[in-house]
Amino acid sequence: SVSSLKREMRNLSEECSLEPVTVSMAYVYFEKLVLQGKLNKQNRKLCAGACVLLAAKISSDLRKHEVKHLIDKLEERFRFNRRDLIGFEFTVLVALELALYLPENQVLPHYRRLTQQS
């Protein structure tokens, strides 16, 4: 389900010590894909993984080895192949129309929820 995938995204992000704002962005990307009807049983984990990866890349200054660590973790947690993930990253970018910088009002509700939970 969408909510269990989002929980996975959050747990994984915490393990990789990503900021709540990064997780919030990943959620917004993910929800946009859901609303566009892009998710199916085959690709939903790849969708979730690609959203986390894109958010991490854009919102923080991850070093190369940290990106690699994140990809390893995603691969392990969601049980997909990194080649598929990298390919899917592009699919997600296109679906989001390259709009990775999100208006604050889209990110804030998630951010508030995440920071109140912890």
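The values are calculated or read from the model by the stated rules, or taken from the named source; none is laboratory data. Note that the structure is a prediction, hence the values are computed from the model and not measured. No Cβ is skipped: glycine too gets one built from the backbone with ideal geometry, and neighbour counts run over all protein chains shown. To get the accessible areas, we keep the full protein, side chains included, count just its heavy atoms, and leave off ligands, DNA and RNA. Shrake-Rupley method; radii C 1.70, N 1.55, O 1.52, S 1.80 Å.
Which residue, Val92, Val21, Leu39, has the largest displacement toward the positive end of the dipole of the chain when charges sit on each Cβ (Lys, Arg +1; Asp, Glu -1)? Farthest towards the positive end: Leu39. Our coupling estimate for the range 38-53, obtained by passing each phi through the Karplus curve with A = 6.51, B = -1.76, C = 1.60 and θ = phi - 60°, is 7, 8, 9, 4, 5, 10, 5, 6, 5, 4, 4, x, 5, 5, 5, 4 Hz, Gly and Pro reported as x. Ligands, DNA and RNA are left out, and with a 1.4 angstrom probe the accessible area of the chain is 58 Å² per residue.
In percent, rounded to a whole number, the relative contact order of the range 1-111 is 36, using alpha-carbon pairs under 8 Å and six or more apart. Expressed as a whole percent, the accessible area of the chain that falls on carbon and sulfur atoms is 52 (1.4 Å probe). Across the range 91-108, computed HN-Hα scalar couplings (Karplus, 6.51 cos²θ - 1.76 cosθ + 1.60, θ = phi - 60°) run 4, 5, 3, 5, 4, 7, 6, 6, 8, 8, 7, 9, x, 3, 5, 7, 8, 4 Hz from first to last residue, x flagging Gly and Pro.
When the helices of the chain are scored as -39500 (n - 2.57) per DSSP H run of n ≥ 4 and the total is divided over every residue, the value at 222 nm lands at -24500 deg cm²/dmol.
At a 10 angstrom cut-off on C-beta neighbours, averaged per residue, how do the peptides 73-85, 38-50, 93-105 rank from highest to lowest?
For the peptides 73-85, 38-50, 93-105, the packing ranking is 38-50, 73-85, 93-105.
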